[in-house]
Amino acid sequence: MRTLLTGASGFLGNYIRKSFGNDLITLGRGSANQIQNDLANEVPKLSQFDMVIHSAGLAHRIPKNPEEERKFYQVNLFGTQNLLKGLDQCEYPPKSIVFISTVAVYGLEEGEMISELVTPKPETPYGKSKHEAEILLQKWCRTHKVNLVILRLPLIAGGVNPLGNLGAMIQAIKRGYYFRVGKGLSKKSMVLASDVANLIPTISDFSGVYNLTDGHHPSLKELDSYISEKLGKKVKSLPLGLLSFICKIGDRWSFFPINSYRLSKLNTSLTFNDSKARKTLGWSPNPVIGNLDI
């Protein structure tokens, strides 16, 4: 099966590339890609593919100004549009497309076991640009009769230097300035990058939108206890009231590592239901805790 992967040099893309071995053509800006192209700014010249995995995208940052907000749309939405324009030039469309999306499209800050039936109402440039890319892909795939699987992912774990909040937590525990928020009972959905990568080669005959999680949804206490034990460190707790007071410093000065918004995210549960993927795709993931390289 001739397969195209965008975003192969990204955190998840690197895992996907390994899961396919040599049966893969990569597209990206770097010279290591077989097809060198900046999707955000140009339409690629493509040959025939059976499967396309669109993993390229911009995430893991908070825009500080309108220009940075526009970049999310340039990469996530217009990059998708340019990819589809490239596929339009092929004699035949691919049999299937897999799009790596995000649970940020739901636009929720808290909630438990949120399913794909919840109507997306994204609030951030990241979530909005990804949702608009989903809609664009759905229209194109309906027109061309192409199977489309949209994978909405939560925090992605794996490797020795994971991105996002998990990577920040690991580094803070290593350096001794991490503090648990209150009792650390809030739960978050997570998923191992290796499990996502191993699933993708098996789903070319399917279509639909699917949440993927590890099914355990660990509490912050479970997660930081596991990481601190692996690192031989101790985790201290701070009362929520004291942290709320400290966060006022971060609300006023951006250089401070925590603010009221980040505290609210740490103190609320946000989990997602992946039963649809388990039933339809045969999704059977491993728990992050116990399988995380640190």
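A few remarks follow.
- Identity of the residue in segment 140-184, more than 30 Å from Asp50 (Cβ to Cβ) and in contact with a Gly (Cβ under 7 Å, 6 or more places away or on another chain), that ends up least open to solvent (accessible area, probe 1.4 Å): Leu155
- Candidates are the residues of segment 205-214 that are surrounded by fewer than 18 Cβ atoms within 10 Å (Cβ to Cβ) and out of contact with any Cys (no Cβ under 9 Å at 6 or more places or on another chain); the one that is nearest to Phe272 (Cα to Cα) is Gly208.
For (1) among the charged types (D, E, K, R); (2) over 23 Å from the mean Cα position of the chain (by Cα); (3) modelled with pLDDT under 95, each residue gets a yes or a no:
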position: Tyr177; (1), (2), (3): no, yes, yes
position: Ser207; (1), (2), (3): no, no, no
position: Leu212; (1), (2), (3): no, no, no
position: Leu223; (1), (2), (3): no, no, yes
position: Lys233; (1), (2), (3): yes, yes, yes
position: Leu240; (1), (2), (3): no, yes, yes
position: Tyr261; (1), (2), (3): no, no, yes
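- From the list Ala32, Ala40, Ala8, Ala59, the lone residue that is in contact with a strand residue (DSSP E or B) (Cβ under 6 Å, 6 or more places away or on another chain) and within 27 Å of Ala157 (Cα to Cα) is Ala8.
- Every condition in (1) under 14 Å from Leu83 (Cβ atoms); (2) in contact (Cβ under 8 Å) with a residue 60 or more places away in the chain is met by Ile16 except one, and the failing one is (1).
- Segment 163-184: number of residues that are farther than 16 Å from Val288 by Cβ and part of a loop (DSSP other than H, G, I, E, B): 5
- Scanning segment 1-20 for residues that are basic (Lys, Arg) and either at pLDDT 95 or above or assigned to a loop (DSSP other than H, G, I, E, B) (or both) gives a single hit, Arg2.
- Within segment 85-105, the set of residues being open to solvent by 10 Å² or more (accessible area, probe 1.4 Å), hydrophobic (A, V, I, L, M, F, W, C) and over 22 Å from Ala157 (Cα atoms) comprises just one member, Cys90.
The values are calculated or read from the model by the stated rules, or taken from the named source; none is laboratory data. All of these numbers come straight from a predicted model, not from anything done at the bench. Note that each Cβ is placed from the backbone with ideal geometry, even for glycine, and that neighbours are counted across all protein chains shown. Side chains are part of the model used for accessible areas, which takes the heavy atoms of the whole protein and leaves out ligands, DNA and RNA. Shrake-Rupley method; radii C 1.70, N 1.55, O 1.52, S 1.80 Å.
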